[in-house]
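Written below as structure tokens is the structure these notes are about.
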Amino acid sequence: MAKIGLIFNGVWSHYAMATAPKYRDLYRLLYVHDLDTNAMSDLDALAIPFQSNQAVLTEKKAIIYDFLRAGKKVFLEGDSSTAWLDAQWEDRPVNNYWWVTDPTHPPVSDTNYNHPVYQGLSPRQACWHTHGVYTRVPTSAEILQTNDLGDVITWQTHEYGGTLLATTLDPIVEHGVQQITHLDNYVDRLTAWLSGVQPVPERMTIDTTVYGEGALV
Amino acid sequence: MLQALLISNGLVGLNKYYVSNELVQYTTCLITKDFNPDLTPYDLLVVPNGSDHVAMLKIKNHVRAFLDAGKALVCCDGFFTAWVPGNQWVMDNSRRTQDVRYAAGTDRHGLLQNLDLDELNFSHGMSGWWACGYIQAAPDADVLLADTWQRPIAVLDEVSTAGRMLLTASGPLVDVTYAGLSDSALVTLYRNFIWLLSTSIVPAHG
């Protein structure tokens, strides 16, 4: 039974991850334009991936904060908008080749490995690349990852009732893209933290029958 | 000048990658809950990387009619729903990205002209960065680029409808020139298609 709602705006990488046999029993795709409280009342957590439609998320912000007020978890990755989040995200050039050209300078320089999502991860598994930084976060926020300039990459707050974890990493999108081979580690930790269920420790696979006429939409 | 409708999923920065120029005038259509654009004023429909393929499925019949009127489609994204006539993208992760290399196939219109394939094969020495999965191409469509395992990655389809489709297996294409820099492969392939649309009609209509 699904425990995590993946807010989804029809992007293929979101779909690839959520419909992969390894994760599909734990994630429910929630099409953002149809998002309402009833569709997620039985869920423990929400995931809002990179490449989301920020304008529609702003329209639906009350649903997200009501979910947090119920003591549940929300995970937000990539960019965000101050129109619905009390934090300032700013764009930065993406460096996804640092491990080739300058492997001693990853985009994240400090990580709190005591957080359940990061426990047991290697530095390489805890950061592949970032999409921007946070230059302002809520005063209640606990900082979990920063870059070598001190910019915030990952933060968490309990201010809204449940737990909001925000990062400029993009584990859901990149795991769907499947060009980074170590992401099962991060996404499995994230999934276990969000749902309380540990995914099977094996590499993500694709079910081609859910593409085309068999698409689950 | 071509009139193009650029479908926007509300992602940051899309309009920086499709800039109106002497060949194309872009009009952006933001996807909403009631997405149902009037395609008739346009010559070209552009569905870029990061698009909403649930929304596109809702207008599949309109897209089909648009193409049957001799118009054109660029879809450079993973079209996981069945809205593109005759062709289907599927994700696949059974091959190692480090083994991915693209090879030129049938190119009757010179769409690969001046294209440096190594720009698609490698980025900072990494391979497998451009496209994901592959296209189940329509029989008799032109496979412009195939991957190491001969799977279609870029397709020109002039047979499934009365129009033209340029499809990639999620490999992004863009229409922007940066001052002082030569066009990248992502621009070259796209603009070669735009040039084809601007200078010739679909053979079926000849």
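The values are calculated or read from the model by the stated rules, or taken from the named source; none is laboratory data. What you are looking at is a predicted structure, and each value in this text was computed from that prediction instead of being measured. Heads up, the Cβs are rebuilt from the backbone with ideal geometry, glycines too, and the neighbour counts pull from every protein chain shown. Surface areas here come from the heavy atoms of the whole protein model, side chains and all, with no ligands, DNA or RNA. Shrake-Rupley method; radii C 1.70, N 1.55, O 1.52, S 1.80 Å.
Number of residues in segment B:48-87 that are more than 13 Å from the chain's Cα centre (by Cα) and more than 8 Å from chain A (Cβ to nearest Cβ) equals 17.
Cβ-Cβ contacts under 8 Å between residues 6 or more apart (or on different chains), taken from a first residue in segment A:84-112 that is under 17 Å from A:Leu169 (Cβ atoms) and open to solvent by less than 80 Å² (accessible area, probe 1.4 Å) to a second residue that is in a loop (DSSP other than H, G, I, E, B) and aromatic (Phe, Trp, Tyr), are listed as A:Asn96/A:Trp128; A:Thr111/A:Tyr118; A:Asn112/A:Tyr118. Set side by side, the residues A:His131, A:His175 differ, and just one is touching a Gly at 6+ places or on another chain (Cβ under 8 Å), under 30 Å from B:Ser127 (Cα atoms) and not charged (D, E, K, R), which is A:His131. Screening segment A:193-214 for residues that are surrounded by 19 or more Cβ atoms within 10 Å (Cβ to Cβ) and within 14 Å of chain B (Cβ to nearest Cβ) and picking the one that is nearest to A:Val11 (Cα to Cα) gives A:Tyr211. Restricted to helices (runs of 4 or more DSSP H) entirely inside segment B:1-110, those with at least 1 residues that are of a type in the set (Phe, Trp, Tyr) are B:14-17, B:60-68. Filtering segment A:165-192 to residues that are open to solvent by less than 10 Å² (accessible area, probe 1.4 Å), under 28 Å from A:Gly150 (Cβ atoms), polar (S, T, N, Q) and more than 14 Å from chain B (Cβ to nearest Cβ) leaves only A:Thr167. Of A:Tyr23, A:Tyr31, all but one fail to be modelled with pLDDT of 95 or more, within 18 Å of A:Thr58 (Cβ to Cβ) and among the hydroxyl-bearing types (Ser, Thr, Tyr); the exception is A:Tyr31. Restricting the first member to segment B:113-137 and to residues that are among the hydroxyl-bearing types (Ser, Thr, Tyr), and the second to residues that are open to solvent by 70 Å² or more (accessible area, probe 1.4 Å) and in a loop (DSSP other than H, G, I, E, B), the beta-carbon pairs closer than 9 Å and six or more apart or on different chains are B:Ser123/B:Trp129; B:Ser127/B:Arg101. Where helices (runs of 4 or more DSSP H) fall wholly inside segment A:19-115, the ranges with 1 or more residues that are within 14 Å of chain B (Cβ to nearest Cβ) and touching a Gly at 6+ places or on another chain (Cβ under 8 Å) are A:54-59, A:98-101.
Here segment B:16-33 is the region considered, the condition is being more than 24 Å from B:Asp68 (Cβ to Cβ) and loosely packed, with under 14 Cβ neighbours inside 10 Å, and the residue that is farthest from the other protein chains (Cβ to nearest Cβ) is B:Glu22. Here the condition is being surrounded by 17 or more Cβ atoms within 10 Å (Cβ to Cβ) and either away from chain A (no Cβ under 12 Å) or under 19 Å from B:Tyr190 (Cβ atoms) (or both); of B:Leu156, B:Leu117, it holds for B:Leu156 alone.
You will find that of B:Asp107, B:Asp157, the residue that is free of Cβ contacts under 8 Å to residues at least 60 places away in the same chain and not hydrophobic (A, V, I, L, M, F, W, C) is B:Asp107 and no other. Just one of the listed residues (A:Thr209, A:Thr130, A:Thr181, A:Thr191) is within 30 Å of B:Gln88 (Cβ to Cβ) and in a loop (DSSP other than H, G, I, E, B), and it is A:Thr181.
Against the test of being at pLDDT 95 or above, farther than 13 Å from A:Gly10 by Cβ, open to solvent by 10 Å² or more (accessible area, probe 1.4 Å) and among the hydroxyl-bearing types (Ser, Thr, Tyr), the options B:Thr97, B:Thr106 yield a single qualifying residue, B:Thr106. Of the residues A:Gly132, A:Gly176, A:Gly150, A:Gly161, which is within 17 Å of the chain's Cα centre (by Cα), more than 24 Å from A:Pro21 (Cβ to Cβ) and of a type outside the set (A, V, I, L, M, F, W, C)? The match here is A:Gly132.
Exactly one residue out of B:Val46, B:Val54, B:Val19, B:Val63 is among the aliphatic types (A, V, I, L, M) and over 27 Å from A:Tyr15 (Cα atoms): that is B:Val19.
Just give me the residues in segment B:123-153 being within 14 Å of another protein chain (Cβ to nearest Cβ), open to solvent by 30 Å² or more (accessible area, probe 1.4 Å), out of contact with any Pro (no Cβ under 7 Å at 6 or more places or on another chain) and modelled with pLDDT of 95 or more, in sequence order. Of everything in segment B:123-153, those that are within 14 Å of another protein chain (Cβ to nearest Cβ), open to solvent by 30 Å² or more (accessible area, probe 1.4 Å), out of contact with any Pro (no Cβ under 7 Å at 6 or more places or on another chain) and modelled with pLDDT of 95 or more turn out to be B:Gln136, B:Arg151.
Among the residues of segment B:69-76, none qualifies, meaning not one is without any contact (Cβ under 8 Å) to a residue 60 or more places away in the chain, surrounded by 15 or more Cβ atoms within 10 Å (Cβ to Cβ), farther than 18 Å from B:Leu173 by Cα and out of contact with any strand residue (DSSP E or B) (no Cβ under 7 Å at 6 or more places or on another chain).
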